[in-house]
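The values are calculated or read from the model by the stated rules, or taken from the named source; none is laboratory data. Not measured: the values here are computed from a predicted model. Every residue, glycine among them, receives a Cβ derived from its backbone with ideal geometry; neighbour counts consider all protein chains shown. For accessibility, only protein heavy atoms count, side chains too; no ligands or nucleic acids. Shrake-Rupley method; radii C 1.70, N 1.55, O 1.52, S 1.80 Å.
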Amino acid sequence: MHHLSSIDDLNNEAIFQILQDAASFKRRLPPKLLQDKLLITLFFEPSTRTRSSFEVAAKRLGASVVHLDPAKSSTKKGETLQDTFANLCAMGPDGVIVRHSEDNTAKIFASMNLAPVINAGTGKSAHPSQALLDFFTIYEYFKGEVEGKKIAIVGDIINSRVANSNIKLLQRMGLEVILVAPKEFMPKTPLPSYENLDDVIEKVDIIMSLRAQLERHKKPIFQDYNEYAAHYCITKEKLKNSHAIIMHPGPVMRNIDISDEVLELPQTLVLEQVKNGVFIRMAILKYLLLDCNGA
Ligand code: CP
């Protein structure tokens, strides 16, 4: 049984198959390829984009979706996570899409091999569908010419599952990844890393801004995020002559991560990322439910 618990579950052939399908779905919506399929979404953390995007993707392909709200589930009565998952799988879904605060939840569910598991973001470790939609957005913008492109990932990198999955995927795809963050947000890394955004901003092709993951900070890292913003918010002033595309996985903290003005620029692709997310997730569902795990 195939799963998508981390970007490492996909070889390059699978990644390009998913990109190709997503591009084709974006040009023209396909027939209802997943007409008889049933998916369960199980989100233990809040989500605006990922959950809706997976549900829209499933419905565009004709699949049915059931959502279990963990706040109203029997996990509140002491049922273990594994038992919750096993009980849902006993109902015969064709896939379970899971978000959880612990790094290994998707991997643990996948190891039970009861249904294909799709990781919709776990802990600080992995958000593979976000990395795929980000790469798709970059690939589309640069018309496939991505080898050697420089990307600066800016912000709370140490706490970001988006950064983790993107670093793995984008390096594998031949991009040069540079990290920019205050030392409190910088992981131990062999990658080129900078504290000062001005040192790199005009040298990169892509800027990926990240939100400060306040919910994962054990105690407040900065007393005043305006101070952080003075150094790391992507503003027109800081961009100077840069023609880099601006990305952000969302949710954006306006005027802390990216200024209002920059959010309106044509090279800011934040909503294009969201749009592409639906096509990428359609392609992921096709890949896992039809191509890998049988029609
Ligand atoms: N990018 C992302 O994971 O957004 P949500 O938390 O809204 O799903």
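Summary table
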read-out: Single residue of Phe25, Phe54 found to be of a type in the set (Phe, Trp, Tyr), surrounded by 20 or more Cβ atoms within 10 Å (Cβ to Cβ) and closer than 23 Å to Ala110 by Cα; value: Phe54
read-out: Condition check for Lys77: among the basic types (Lys, Arg), open to solvent by less than 80 Å² (accessible area, probe 1.4 Å), more than 30 Å from Val252 (Cα to Cα) and more than 16 Å from the ligand (Cβ to nearest atom); value: no
read-out: Test for Gly277: is it over 20 Å from Ala152 (Cβ atoms), at pLDDT 95 or above and not aliphatic (A, V, I, L, M); value: yes
read-out: Segment 28-42: number of residues that are charged (D, E, K, R), open to solvent by 70 Å² or more (accessible area, probe 1.4 Å) and closer than 16 Å to Asn293 by Cα; value: 1
read-out: Every residue from segment 40-69 that is more than 15 Å from the ligand (Cβ to nearest atom), in a helix (DSSP H, G or I) and either out of contact with any helix residue (DSSP H, G or I) (no Cβ under 9 Å at 6 or more places or on another chain) or closer than 19 Å to Thr84 by Cβ (or both); value: Lys59
read-out: Residue, nearest to the ligand (Cβ to nearest atom), within segment 110-146, restricted to residues that are part of a helix (DSSP H, G or I) and hydrophobic (A, V, I, L, M, F, W, C); value: Leu133
read-out: Tally of residues being basic (Lys, Arg), within 16 Å of the ligand (Cβ to nearest atom) and crowded, with 20+ Cβ neighbours inside 10 Å across segment 260-295; value: 1
read-out: Flag if Asn159 is at pLDDT below 95 and touching a helix residue (DSSP H, G or I) at 6+ places or on another chain (Cβ under 7 Å); value: yes
read-out: Filter pass, Lys143 being at pLDDT below 95 and basic (Lys, Arg); value: no
read-out: Hey, Pro31 away from the ligand (no atom under 16 Å from the Cβ), at pLDDT below 95 and not in a helix (DSSP H, G or I) or not; value: yes
